[in-house]
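First comes the structure, then the notes that go with it.
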Amino acid sequence: MQSDDGNTRHHLTMTKTITSPTDLVCEIKQKFVRVKEVRPDGLVCFEFAIAWPELFVDLMLPQSAFDDFCVRQQVTFLVD
């Protein structure tokens, strides 16, 4: 599908039908961290996820900020 500005738009198709509000419930208190790399400049590169470990964002923080972040977020560490 083309938009008015010529860019291609992609449609996502739901694979599960939501039949009730309880289908949307997730445990947002569960937070996950997977450390990917500690760089020579001291930055920690890691994945951070809430509720679903397979849905994450990539972040980078200095080591001391990373340590504080993990404590405050009460994360569960994941390993490959």
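Only residues that are open to solvent by less than 80 Å² (accessible area, probe 1.4 Å) and part of a strand (DSSP E or B) were counted in region 21-68, giving 17. Hey, can you tell me all the residues within region 43-73 that are among the charged types (D, E, K, R) and more than 8 Å from the chain's Cα centre (by Cα)? Within region 43-73, ASP67, ASP68, ARG72 qualify.
The values are calculated or read from the model by the stated rules, or taken from the named source; none is laboratory data. Since the model is a prediction, treat every value here as computed from it, not as a measurement. Note: accessible area is taken over every heavy atom of the protein model, side chains too, but ligands, DNA and RNA are not part of it. Shrake-Rupley method; radii C 1.70, N 1.55, O 1.52, S 1.80 Å.
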